[in-house]
1. Quick one: in the range 302-349, which of the residues that are of a type in the set (Asp, Glu) and surrounded by fewer than 17 Cβ atoms within 10 Å (Cβ to Cβ) is farthest from residue 260 (Cα to Cα)?
2. Within the range 143-173, restricting attention to residues that are touching a His at 6+ places or on another chain (Cβ under 9 Å) and not charged (D, E, K, R), which residue is nearest to residue 81 (Cα to Cα)?
3. All but one of (1) among the hydrophobic types (A, V, I, L, M, F, W, C); (2) part of a loop (DSSP other than H, G, I, E, B); (3) over 29 Å from the mean Cα position of the chain (by Cα) hold for residue 317, so report the exception by its number.
4. Does the range 204-219 contain at least one residue that is out of contact with any Gly (no Cβ under 6 Å at 6 or more places or on another chain), over 21 Å from residue 80 (Cα atoms) and not aromatic (Phe, Trp, Tyr)?
5. Working carefully through the options 138, 92, 82, find the one that is of a type in the set (A, V, I, L, M, F, W, C), surrounded by fewer than 15 Cβ atoms within 10 Å (Cβ to Cβ) and not in a loop (DSSP other than H, G, I, E, B).
6. Within the range 283-314, work out how many residues are more than 20 Å from residue 255 (Cβ to Cβ), among the polar types (S, T, N, Q) and assigned to a strand (DSSP E or B).
7. Having 2 or more residues that are among the β-branched types (Val, Ile, Thr) and more than 27 Å from residue 107 (Cβ to Cβ) is the bar; report the strands (runs of 3 or more DSSP E) wholly within the range 175-251 that clear it.
8. Going by the structure shown, is residue 280 part of a loop (DSSP other than H, G, I, E, B) and over 27 Å from residue 323 (Cα atoms)?
Amino acid sequence: MNQLSINTLTINGIFHDKQMLLERIALEKEKSDLLKQLFAFLKLWLNDEDIIELRTSGSTGPPKFIAVQKMQMLRSAAMTVAFFNLKPGMKALLCLSPEYIAGRMMIVRAMLAGLDLITTEAEANPIADLHSNIDFAAMVPFQLSKAIQESPEKTALIKTIILGGSDIHPILEKACGKLKTRVFHTYGMTETLSHIALRAVNGTEKTDWFTPLSGIQLHLDERKCLTINAPALNDEHIATNDIAEIDNKGRFRILGRADDVINTAGIKLHPAQIEKKISSLIPGVFVMSEKTEMNSGKIPVLVCDHQISILDLYKLWKLLSGVLHETEMPRTIVTLKKLPLLDSGKIDRLAIKEIIKSKSRR
């Protein structure tokens, strides 16, 4: 590493130079699981290697390890620090596992900007025991949803929250509109070292469009999928499976994933778009998937984690027909006791397709 190497960190109000960090690493006496993961990452960060391994979440394929330069992580951190104008002494909340990129980048941002890293736990409601003001926090949507439900008064302690890792449910987005906290939705992945674009979820700047950070170049490939050129973060162009549209200001919005598209009778349906339309009509967890029939080919299927009675089904069908195009209407409903998840917590759509396929063979 060169002169930009960062080797000091303030944790829960206590400044640690490199020697202090190494001593805590050697002691291995951290009681909190998150602190254990934090110092496991710092052990890798403080070694003499310029390269560090990151584990992908598995949302675009099987989880894997990729090697990146620590300097690239610092560049990513600098982009976020500049965007949110983070200053030394500000408090940043760590409530995501440092085993994955989102948690690791919070640590790197804190080192780079001289932030005070406040740790809780990577729990469903990470702010239940929070008592101090926080300038900057990163969460997954599920965590913020739980926090609003269980500790709504605590959300006011946080000035800015970035949400990543999955889409934001319309109900959560509506709830964010009532918060004093600034909330941003992020777009990115392990390969881009966390987010490369953000959109405001609430406030006067609320928008459906993501704005790329400085130095990020985007275009659409022949599939209409987003391709990312981020030379400061990755030496290669990154081809995603996210079908998108880009406006004349260089902003973009995601329409769905290419591998989730349901091609029915020559018409391409985007499950994510359908789910957004009907999110307020269906209680519980659900997704739109597909099923292959001998005569009809692929048809849209509604997959729920709860049984629907005949009476409720009739009411639901009337509601769905009022907001969906005829081609978007699910042809059948599949009930699963629990929808399969990836390690990252996202719904495993590929596994759901396989379950539907296996049920069809019986």
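Taken together, the values in this text are just the output of simple stated rules run on the coordinates, not laboratory data. Note that this is a predicted model, so its numbers are computed, not measured. Methodologically, a virtual Cβ is constructed for each residue, glycine included, from the backbone with ideal geometry; neighbour enumeration extends over all protein chains shown.
1. Within the range 302-349, the match that is farthest from residue 260 (Cα to Cα) is 312.
2. Here the residue is 162.
3. Single failed check for residue 317: (2).
4. Yes, because at least one residue in the range 204-219 is out of contact with any Gly (no Cβ under 6 Å at 6 or more places or on another chain), over 21 Å from residue 80 (Cα atoms) and not aromatic (Phe, Trp, Tyr).
5. Only one candidate qualifies: 82.
6. 1
7. Because the criterion is at least 2 residues that are among the β-branched types (Val, Ile, Thr) and more than 27 Å from residue 107 (Cβ to Cβ), the strands (runs of 3 or more DSSP E) in the range 175-251 that meet it are 238-246.
8. The answer is no for residue 280.
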